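The structure under discussion appears below in the form of structure tokens.
A short reminder: the numbers here are calculations on the coordinates, not readings from a lab. Computed from a predicted structure; not experimentally measured. A quick note on method: Cβ atoms are made from the backbone with ideal geometry, for glycine too, and the neighbour counts reach across all protein chains shown.
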Amino acid sequence: MAGREFGRISSWGSGPKRGGDFELHSPCTHLEFPQTLAEPILLRYATQHGFPCRFGTRLTRFDTSAPDSVLAEVEDRIYGTTQKIRCKYLYGADGAKSIVVQLLGLPMSIKPSQGIALNVLLRADLSDIMKSRVGNLHYVIQPDVEQPDFAGWSIVRMVKPWYEWLVIMMYKPTCAADFMPEKKQVEDQVKSVIGDASIPVDILRIDKWIINETVAECYSKGQVFCLGDAVHRHPPMNGLGSNTCIQDAANLAWKIALVEKGVAGRSLLDSYTVERAPVGAGVVARANSSLREHIPIFESLGFLNPSLQERKQQLAILDEVSERGRSRRQQLINSIDYTCHEFLAQGSDMGQRYESSAIFLDGAGEPPKPPSDPVLYYEPHTYPGVRLPHAWLNTSIPQKPVSTLDLSGKGRFTLFIGHGGDMWRDAAAKVKESLAVDVAVFAVGFGLEYEAVYNDWYHRREVNEDGCVLVRPDNFVAWRSMSMVEDCTTTLLGVMRKILCL
């Protein structure tokens, strides 16, 4: 990290080239928020809202023979006792080594592993080094240094600036899968990666993991639902890990809630796999592609040659005033630029589109054409099944602006209307009266409840002023009407019954 820099790229909208795209499409900026920081917050919220969290406890088996419940057996690993728990649902969010997926026998698509890696959580004051190298990810490749088998190359991830870090060390193909280095070996390698042996290093934790390319073909069976890394396992490229896990939960939670309230049919839960499994498969493919897309960088630096002397000679070509030097430099530039598919992949981040029984397409018009590069670019639409577009809204006498995403969600459906759409509001009230499902209504237009700051909503809603956009509790568009219809109450009731599987 203290040595020669070969290149850098802006990430997740931080630079001027794509910063505007990211600012246009979300009210939030990206945040580096690792699990070590997120988990305590989530645990505190859960325990304060009636959900006890029991550490030192593991699931050993479960019985799904009852039609509407699951009998789970858990072991207290401190006292050595077991307990049986009868539950309505069992959620397998137990990570890449999921015992729930294993016992349930979910079909898995498993491709060959891309290797083994070590996660090394540590503290080291790198503030002096970071003065000229600010970044949340550093890829450390040292072709001119002989590396140990357990650390062919490394990724350094900032956890807390600039003193807490996660160093990911990639095993060489020649390293035995069962090899685990001693703590002193890891500490020495961390100092080599930093490039300054005088900086004290405090190793907090070392974990070994498999670089997976594995995805479940089905996410549930009966009353058991699996989510997160249990059903999609991949390297951390693109930052899609925890984000995808949370999206799984957001997709499932509102459906479970409405079924348990008795206002939605049990078959609504079938849409969970239908919607999320294709997303999980895409995430696994994208993350592994991003990892493989670093190979041209390695080739440009001569890193893949087994001989240290040969690697040094290949690395020296970069500095040559020659045709092969020019060609090698261009190869390096091109390969670094192409990592935009990892670090600026807004399409992968936001471009999901669901197709299921919980999406209603009648009267929705033509589907949008995909962007020129669906990995890099996200184009906002209101076609059913896509994410509700962000647009800033305000009152006619401006106050603090709110996003369309601030108005929707919150455990209920949302209906966006405009001029001439008042009858949709009456229809939403009838839905609540007839189906006991809350539909919040917001009118956006000149002189209405909200107005569109910068006119963004007018350009993104894609329906006429008297049409409407219906949004699910997870902020995905459920249905839209391009214009007012003759009997909007009957229409909206029919749409809601279809979505709720009634």
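Assorted remarks:
- A DSSP coil position with no more than 16 other Cβ atoms inside 10 Å describes the following trypsin sites (Lys or Arg not before Pro) in the range 1-71: 4, 8, 17, 54.
- Note on residue 4 and residue 434: their simple-model spin labels are 7.3 nm apart, each label 7 Å out from Cα toward Cβ.
- Farthest toward positive dipole pole in the chain [+1 Lys/Arg, -1 Asp/Glu at C-beta], among 396, 56, 429: 56
- Each residue of the range 139-151 was assigned a 3J(HN,Hα) from its phi angle through the Karplus expression (A = 6.51, B = -1.76, C = 1.60, θ = phi - 60°), giving 9, 9, 10, 10, x, 8, 10, 6, 9, x, 4, 8, 8 Hz with x at Gly and Pro.
- 222 nm mean residue ellipticity, helices alone, for the chain (DSSP H n ≥ 4; -39,500 (n - 2.57); rounded to 500): -9500 deg cm²/dmol
- For the range 145-262, the convex hull spanned by the alpha carbon atoms encloses 158 Å³ per residue.
- Straight-line cross-link reach from residue 183 at under 23 Å between alpha-carbon atoms covers these lysines, not counting any fewer than eight positions away in the same chain: 160, 172, 191, 208.
- Formal net charge of residues neighbouring residue 215 (Cβ-Cβ distance under 13 Å; K, R +1; D, E -1): 0
- Taking other residues whose beta carbon is less than 13 angstrom from the beta carbon of residue 84, and scoring Lys, Arg as +1 and Asp, Glu as -1, yields -2.
- The angle between the Cα long axis of helix 488-499 and the longest principal axis of the Cα atoms of the chain comes to about 40 degrees, rounded to the nearest 10.
- Cα shape, the range 61-127, gyration tensor, a/c 1.5 rule: oblate
- Here's the thing: no lysines lie within a cross-link span of residue 312, going by alpha-carbon distance under 17 Å and ignoring same-chain residues fewer than 8 apart.
- Three-way shape call for the range 295-338 based on the alpha-carbon gyration tensor, with the a/c threshold at 1.5: oblate
- Scaled radius of gyration (Cα, divided by 2.2 N^0.38 Å) that the range 365-502 gives: 1.03
- Centre separation in Å (Cα based) which lies between the range 413-492 and the range 215-285: 27 Å
- Entry for Cα extents along the principal axes in Å (calculated from the structure that is shown) out of [x] 79, 62, 38; [y] 75, 62, 56; [z] 99, 76, 42: [x]
- Cross-link reach list, lysines versus residue 255, counting only Cα pairs under 27 Å and skipping chain neighbours closer than eight places: 84, 88, 97, 221, 410, 430, 432, 498
- Helix 183-194 axis, angle to the chain major axis (alpha carbon atoms, nearest 10°): 90 degrees
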